[in-house]
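What follows is one structure encoded as structure tokens, with my remarks underneath.
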Amino acid sequence: MNAPVRTVPDADAPAIELVGIDKSFGPVHANKDIHLTVRRGTIHGVIGENGAGKSTLMSILYGFYQADRGEIRVGGRPIVIKDSQAAIAAGIGMVHQHFMLVENFTVLENVMLGAEGGAFLKTGIAKARAELKRLETEYALDVDPDAVIETLPVGRQQRVEILKALYRGADILILDEPTGVLTPAEADHLFRILRVLRDQGKTVILITHKLREIMAITDAVSVMRRGEMVATRTTAETTVEELAELMVGRRVLLKVDKGPAKPGPVALSVRNLTVRDHRGVTMVDDVSFDVRAGEIVGIAGVAGNGQSELLEALAGIRKPASGDILIEGKSTLGADPAMLRRRGLAHVPEDRHHMGLVLKFEEYENSILGYHDDPRFVRGPFLDIEAIRADARDKIAKYDIRPPNPRLKTANFSGGNQQKIVLAREIERDPTVLIIGQPTRGVDIGAIEFIHRRIVEMRDAGKAILLVSVELDEIRALADRVIVMFAGRVVGEKTPEASEQTLGLMMAGIGP
Amino acid sequence: MSAASAPLPRWVTYGLMPVLNLAVAFLISGLVVAFIGESPWEAVEVLLTGALGTGEGIGYTLFYATNFIFTGLAVAVAFHCGLFNIGGEGQAYLGGLGAALVALSLGDVLPWYLTMPVAVLFAALFGAAWALIPAWLQASRGSHIVITTIMFNFIGAALMVYLLVNVLKVPGAMAPETRVFAEGGQLPKLTWPFELFGAKLGAAPFNVSFVIALVMAVLVWLLIWRTRLGYEIRATGTNPTAAIYAGIPYKRMVIVTMLLSGGLAGMMALNPVMGASARLQVEFVGGAGFVGIAVALMGRSHPLGIVFAAILFGVLYQGGAELSFWIPAITRDMIVVIQGLVILFAGALETMFRPALARLFWRAPRAAAAKA
């Protein structure tokens, strides 16, 4: 659907044209001869697996990187974007995945930041306030300009980011994985805002890996794979299946194939658990539930509603304030993570970079993290390097970890392969209870399929599995029972067949 | 292969880059020398012949290097646990007390080779003890180890002066130092490797401690890369959260690592106290604890790199002394400037040339491939 290239720059010229963009980082060819045309006044999706080159491409567009070759045209005119200032001047605004806001500033102050307009704030503030008011009414972006950022829910913080871009005169808005931190309701609201923006003539580029969002909101979609732009489609004329196949390069099973669960005795039991964070704020509030052998219990909820603290308490990393956790009927209070592992608990942490892996270690060193005391891997005070590497090679083969090199630094594996390193380590211990946080965060579709299958296999082998994920689709696909958490409390329990709307409302704290 | 960062071959990272850094440091040092009106070429010549031109010069160079190997290893072990031990100076000072007590008591009755192991142990124990309190404060109170170890340097210095002036001094003598150790309390000089090459060690106090230092370098390598404890230390140092996840107790790691680090620093005292002056004197450490930081940085916290870096600093120390002797315009302070430049380029700015090298390195083969 390439729009015809016009000779005269005019209002009908595409908002953005990328012509033959090429970028390498050392040996990594991140963008190969990319051509992309985004028509004015449309919402254009860019999808691709992690490492496909989406972020690099958008960073080039926003001036974080310079392309090695190729041309960027905005409104038909070739321009050079050497930094983000130049991008802003060209009318390009960006909403980052991780917000770039000063937490203890007000909305107004954040919006003005970097565009104060003079050494004295007073005149700038008055102008900004008026402008903000206009933008808010024009685009239905209601945010109190005097609210302090840290008091706002994430959905509103995101609106501040959008306001920031608009305040700087952005005509083209790039959103990088914008729904990752939102509830379904907040995501819907965001989409409404994006539609308003489009109808007012703005151009929106939406980077995501969620196919459903692409289908729901975009007008056109471009698919990237391994640094190349493999296809551009009109959204109305394509299907989820086709896009998934384009992304991965082969047919993908989107649904998890699993039979009914055969729950056995209770393996993990949580009783009136209360957990506080380091500030003393109650993050998990009087939570009780059971997980039986041979079933997957999913914990749904928007990120930050106590799931992380619950997982940490279960894994022995965070001491509960009160309540009890029992594995096979015996309390685990006072047990540290090493003791819990010996009692048959395996833990795939939510954040593999922060917790699950030491990225600077070689792969084989991470393959024993937490199990480095195992007699199989040690000889007296020494590590049995040969035994560890042999074991790592086994796991690499079994989990198809690529590249199959146990001596490679872990940071040099892709997200999906890093996750497989963690999963292989935890699953291959044959645990009784497996707790998994965000099993497929930042993982390619191809690897997601594999990881989901392994989790179901573990269930069928009679393990008790607790699954925490902010991806509602994932919970519904994998879990046999769904527990919804909101503000540290269990709001209710549903079967995975419950409608997305029901679960979404519960995740927002509105009744079961 | 998927690679987030462009990796460079090992010979570039560990060979070319340090050499390049060093070259730049010397280049700027040369400019400084030229600036004060002396010939850089002459200065280099004096420095190198002074440090490496004679048997005696080499003996002194290696004597200083021995100090720096110990303190460099001490800093490196702590680095691996993510701790910045600046207290090597004080720990070495206290280590001297341990070594001296052994030399004073056992040296009269035992031969040196029996005194030595006990002295090594006590030097290490005293050094470790001096690191214990900062370690404990860091582990349980979160008091920053940089602050506490540096404060303990001052406390250690004051304590040692007190002991030397009031307790250990020979009655009636003027100098604040112990009596000379008996023969059994002295570490013999290593003359035979020099005689092997027909060189003369002369007055240089190069002694058995050098061998102990090399043994420690091997042991540190084994500890860090081959033992469970080393694995736990590295995990804690590179990703503390992952270490806690793995059930590695943070407090214990901090304390154990600092004890090891302090012990290594303490052993440094063997060289000047039992190997050179045969008595305990005030301020015998002479900044070696701080040089150890530069040595560890430059040696990338790897024992082999530390041995090389320690020898380099040995050359700078010995050659620098000669330089200020033969070219009076180049004072002691100038030598410190040169050493500072080496630390700046080889330590603090160690990766300055990395991006440029990476570009050079990856562009060349790709251009060649494009032509083909």
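Read-outs: derived from the displayed coordinates by stated rules, not from any lab. Keep in mind it's a predicted model, so treat the numbers as computed, not measured. A quick note on method: Cβ atoms are made from the backbone with ideal geometry, for glycine too, and the neighbour counts reach across all protein chains shown.
Structural remarks
- Put the Cα centre of region A:186-218 next to the Cα centre of region A:323-356 and the gap is 40 Å.
- Shown here: chain A, whose C-alpha atoms stretch 73, 47, 46 Å along the first, second and third principal axes, sorted largest to smallest.
- Applied to region B:311-327, the Karplus parametrisation 6.51 cos²θ - 1.76 cosθ + 1.60 on θ = phi - 60° returns per-residue 3J(HN,Hα) values of 5, 4, 5, x, 4, 5, 5, 5, x, x, 4, 4, 4, 6, 6, 8, 10 Hz, with x for Gly and Pro.
- Percent of Cα pairs exceeding the 47 Å cut-off, where the set is the protein assembly as shown: 39
- Helix-only CD estimate at 222 nm, as mean residue ellipticity for chain A, using -39500 (n - 2.57) per DSSP H run (n ≥ 4): -9000 deg cm²/dmol
- Note on residue B:146 and residue A:237: their simple-model spin labels are 6.1 nm apart, each label 7 Å out from Cα toward Cβ.
- Under the Karplus curve 6.51 cos²θ - 1.76 cosθ + 1.60, θ = phi - 60°, whole-Hz ³J(HN,Hα) for region A:143-155, x wherever Gly or Pro sits: 9, 6, x, 9, 6, 7, 3, 5, 8, 8, x, 4, x
- Gyration tensor (alpha-carbon) shape descriptor, region A:354-455, a/c threshold 1.5: prolate
- Ordering of A:127-133, A:309-315 by packing is A:309-315, A:127-133, highest average first (other Cβ atoms within 10 Å, averaged per residue).
- Of all aspartates and glutamates in the structure, the ones whose alpha carbon falls short of 20 Å from that of residue A:122, not counting any fewer than 8 places away in one chain, are A:109, A:131, A:144, A:146.
- Partner chain coverage, peptide A:381-391 - average Cβ within 10 angstrom: 2
- In plain terms, the residue of B:149, B:351 with the fewest other Cβ atoms within 10 Å comes first and the most crowded comes last, giving B:351, B:149.
- Shielding by partners for peptide A:338-348, expressed as the average number of C-beta atoms from other protein chains within 10 Å of each residue's C-beta, is 1.
- Overall shape: oblate for region A:343-392, with the ratio a/c of the largest to smallest alpha carbon gyration tensor axis at 1.5 or above and b/c at least equal to a/b.
- Proxy reagent accessibility, fewest Cβ within 10 Å first, across A:233, A:192, A:250, A:279: A:279, A:250, A:192, A:233
- Sorted by Cβ density within 10 Å, fewest first, the residues B:35, B:126, A:377: B:35, A:377, B:126
- Antiparallel bridges, percent of DSSP beta bridges restricted to the protein assembly as shown (to nearest 5): 55
- For the pair residue A:387 and residue A:196, the difference between a 0.36 nm per residue extended length and the Cα-Cα distance amounts to 62.7 nm.
- Couplings 3J(HN,Hα) for region A:475-483, derived from phi with the Karplus relation 6.51 cos²θ - 1.76 cosθ + 1.60 (θ = phi - 60°), are 4, 5, 6, 9, 6, 8, 9, 10, 9 Hz, where x marks Gly and Pro.
- Taking every alpha-carbon pair under 8 Å whose residues sit at least 6 apart, chain B reaches a relative contact order of 34 percent.
- Between the amide H of residue A:299 and those of A:467, A:468, A:469, A:483, distances stay under 5 Å, these residues lying 5 or more places away or on another chain, with hydrogens modeled in the peptide plane.
- Theoretical ellipticity at 222 nm over chain B - DSSP helices of four or more residues, -39500 (n - 2.57) apiece, nearest 500: -21500 deg cm²/dmol
- Shape call, region A:238-304: gyration tensor on alpha carbons, a/c limit 1.5: oblate
- For chain A: relative contact order, % (alpha-carbon pairs under 8 angstrom, 6 or more apart): 15
- For residues of A:367-375, the mean tally of beta carbons on other chains within 10 Å: 4
- Partners for residue A:262 among aspartates and glutamates (Cα-Cα distance below 13 Å; same-chain residues under 8 apart left out): A:295, A:457, A:460, A:480
- For region A:292-361, the relative contact order is 21 percent, taking Cα pairs closer than 8 Å that sit 6 or more residues apart in sequence and dividing their mean separation by the residue count.
- Annotation for region A:128-147 versus region A:20-92: alpha-carbon center distance of 30 Å.
- Comparing B:194, B:68, B:284 in a Gaussian network model of chain B (Cα springs below 10 Å), the most mobile by mean-square fluctuation is B:194.
- For region B:1-73 and region A:275-306, distance of Cα centres in Å: 57
- Amide H partners (placed H, <5 Å) of residue A:463, local residues excluded: A:294
- Using the Cβ-Cβ distance between residue A:351 and residue A:321 with R0 set to 22 Å, the FRET efficiency works out to roughly 0.45.
- Entries of A:319/A:420; A:319/A:395; A:258/A:463; A:23/A:420 with Cα pairs more than 21 Å apart: A:319/A:420; A:319/A:395; A:23/A:420
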